[in-house]
């Protein structure tokens, strides 16, 4: 077996500053460039007799072209590499067309996951043949596992070294995965690993680092090979929906004994009762009675020493009481094994936002679960910064509706039209109800689906789950949060059919009982349903709207009551009024997302400017100081 030091190939530095972009090329010019590359692939196909040998020859030509920065020679070599992979795999022409767009900074629409993975594999094989790092980035571990099941046997047959780098990989196994020609890796894992490696290379003695990488002193510090070609699956989700959340690098650090303090605060809260000791509400917060104040003072003495000062200890008690008295499982959070998933609107249930830090651990303590480790942040990065540092970027998504300008402006990607004919199946029928009672009746009419039909009820937030569960007959139905995806629910239904000897479903009906943030999000969800559906099953989708929905208040604020009055006065126009309100809500959601992405990019730009003045590296350790006993309030550490 090869040693770890033999697994450290040369480093390919990521881009520090993307090239400036002007106006996007015209659609006709883009189509002509893709068509020209496709013609070159077709011309090269008859000359491929041994696919692995042809791919190696194309890789050598591509390496020389990249070293010379010769764009024309690069395109010829890519065409030869694509031809070699296509000769071996014999994919559909639509998949090959998409791959030709991907290697030319393209963003393609492919609703089915299998088609996306095949197109990404063609592009990855062509880039990896050059010997430079090629990474196929997925949205999460589940998507990475799905891609691995399809692609690893294909890569092996072509002689391409490919490996997964899952979130649970570490040590030599992780370095071995990143040493492969093609690495299939979740987005947040890659962002964290590359940020850590860039920090290591930018700090300390470079000669010492290289000695540890290639010398006799042991395993290297770095795990990745750098970054050259980055191919993104579920492009819309990775670079837009999930990219607003930064990636924090952290290490376990509970120097303040916060975990123990949270557990003891949970026990102390059980010694307090309302209204004898306190009153607690979302509007007025926590109010102590004289007896309660005295009891709380005695309870603070049972906390770890650092948390006994009045302000610190009372914060713990306020949080523990809020978790017990104000939050409800199933409405504000769900527990899945040791994990706690918080509802997006949970802050509205709390009397103050100061109770949000470590709320997950406080809920775990109340539920009797093992508390997640308290961590300390050491670095901050993002998937946006990762995409900006790729020399060659391409991606595919189930739907890129409305994203073409942002793709070019933010990432230099050219959105291409759909390369398959089934994009029309990704439509949703809107059904409007006059009031909440009619909406509930329409939802209940979907219960007890006939034989051969699976109905899946889709909720946007946890707060809707409790209301849905209260409907008679709802507990026997399959429902899922949109953010978690439909795969598990559909798999369970299919397993139940197999156990009871029923034939596979011929139709799957998706019922959105509340709207998602965008029509693109609905299309993305339906595409995932299609991927998990039995072969040949038809997929239909409906969106159930009504004026009393919470989304109406989010869209209109104080004008929501006026809309409901209009719906009562003109029932025939209810559907139109709700459609306009939904369009307004989605415009607001898109604007908020754009602002969040812009703020994320500005923070990274400001950090680079600060580091350039300070003479530091592009990724800096921002370790906060540990809280001191003299601090007036608890410091947020994770």
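Results for (1) in contact (Cβ under 8 Å) with a residue 40 or more places away in the chain; (2) more than 27 Å from the chain's Cα centre (by Cα); (3) within 14 Å of residue 262 (Cβ to Cβ), shown as yes or no for each residue.
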| residue | (1), (2), (3) |
| --- | --- |
| 311 | yes, yes, no |
| 352 | yes, yes, no |
| 358 | yes, no, yes |
| 372 | no, no, yes |
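Residue-level check: of (1) more than 24 Å from residue 600 (Cβ to Cβ); (2) in a strand (DSSP E or B), residue 351 misses just (2).
Per the conditions (1) assigned to a helix (DSSP H, G or I); (2) modelled with pLDDT of 90 or more; (3) in contact with a helix residue (DSSP H, G or I) (Cβ under 9 Å, 6 or more places away or on another chain); (4) surrounded by 19 or more Cβ atoms within 10 Å (Cβ to Cβ), the sole criterion not satisfied by residue 157 is (4). Residue check: residue 168 meets all listed conditions (1) farther than 24 Å from residue 127 by Cβ; (2) modelled with pLDDT under 80 but one, namely (2). Taking the listed residues 69, 74, the one that is over 29 Å from residue 143 (Cα atoms) and crowded, with 19+ Cβ neighbours inside 10 Å is 74, with no other qualifying.
Number of residues in segment 125-143 that are surrounded by fewer than 24 Cβ atoms within 10 Å (Cβ to Cβ) and at pLDDT 95 or above: the value is 0.
Hey, among 122, 194, 174, which residue is modelled with pLDDT under 90, crowded, with 24+ Cβ neighbours inside 10 Å and part of a helix (DSSP H, G or I)?
Result of the check over 122, 194, 174: 194.
The residues of segment 255-273 that are more than 19 Å from residue 359 (Cβ to Cβ) and modelled with pLDDT under 90 amount to a single one, 255. Of the residues screened, residue 563 is not one that is assigned to a loop (DSSP other than H, G, I, E, B), under 21 Å from residue 440 (Cβ atoms) and outside the structural domain of residue 399 (by TED's automatic domain parsing). Here residue 331 fits the description: within 30 Å of residue 479 (Cα to Cα), at pLDDT below 90 and either surrounded by 13 or more Cβ atoms within 10 Å (Cβ to Cβ) or touching a strand residue (DSSP E or B) at 6+ places or on another chain (Cβ under 9 Å) (or both).
The values are calculated or read from the model by the stated rules, or taken from the named source; none is laboratory data. Just so you know, these numbers come straight off a predicted model, no measurement behind them. No Cβ is skipped: glycine too gets one built from the backbone with ideal geometry, and neighbour counts run over all protein chains shown.
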